[in-house]
Amino acid sequence: MSRIARRGALIVLEGCDRSGKTTQCRKLVDALNTDGIPAQLWRFPERDTAIGQVVSDYLERKCELDDHAVHLLFSANRWELVPKMLETLKNGTTLVIDRYAFSGVAFSAAKESLDFEWCKKSDVGLPRPDLILYLNLGVEAAAQRSEYGGERYEQKPFQKRVAENYAALMDDDWKVIDAAKGINELHDELKSIVKNFVLKGDVHGEPVGKLWT
Ligand code: TMP
């Protein structure tokens, strides 16, 4: 007797720097696994690949790169992991991803040299997330958080433009979450949304879509 394979869900957390995404992604994956839902935490940039290493050096100001070139490297860093992403989803594992193509556009297009529509092009056709959660935190509140300012883009005027670009990318399917609350309260809210979404099972019989097509 044949059985329809249940694929994992592709879930993305987005937001400005220091909005709490990394902590929340980690807690979400732990909670899903504890509840018997196979899940993995991924992040972009994935700094452990050769491309990701160059991106990481750029972010840490160890090297300079043309704005177009670094945008394409961020994008290539996603494309190089697509085969593994699709395989993992096919095997029934849900992926919780800390940043994706939306960061690619929101951050690159905050630079005066790069056009918003041009920035989208290199990510057209990537696996489309089934669920996008946007952690909304004001630029002033983010700047108060520890370690702010360590990396290249952590400056208030830049982050304001990033937030405007996110607003331009958002559609009704995005879930916008107030990230100003405490870590545990935010976790409970995200966990409830994600668990309901995964258990509803809408994605199980659906192929993974293609972004911006
Ligand atoms: P992280 O702090 O989440 O590791 O992200 C590193 C920085 O890289 C953050 O400032 C957002 C930025 N970024 C881009 O500029 N383009 C991208 O495509 C991604 C994924 C992140």
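The table for this structure:
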item: Hits in the range 125-168 (condition: open to solvent by less than 20 Å² (accessible area, probe 1.4 Å), part of a helix (DSSP H, G or I) and either among the β-branched types (Val, Ile, Thr) or more than 12 Å from the ligand (Cβ to nearest atom) (or both)); result: VAL162
item: Residues (on the phi < 0 side of the Ramachandran plot and touching a residue at least 40 places away in the same chain (Cβ under 8 Å)) located in the range 147-161; result: TYR148, GLU151, ARG152, TYR153, GLU154, PHE158, GLN159, ARG161
item: Any hit, the range 74-85, residues being in contact with a Ser or Thr (Cβ under 9 Å, 6 or more places away or on another chain), free of Cβ contacts under 8 Å to residues at least 40 places away in the same chain and away from the ligand (no atom under 11 Å from the Cβ); result: yes
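The values are calculated or read from the model by the stated rules, or taken from the named source; none is laboratory data. Bear in mind that the values here come from a model prediction, so they are computed numbers and not experimental data. Cβ atoms come from the backbone with ideal geometry, glycine included; neighbour counts cover every protein chain shown. We work out accessible area using only protein heavy atoms, side chains counted, and drop any ligands, DNA or RNA first. Shrake-Rupley method; radii C 1.70, N 1.55, O 1.52, S 1.80 Å.
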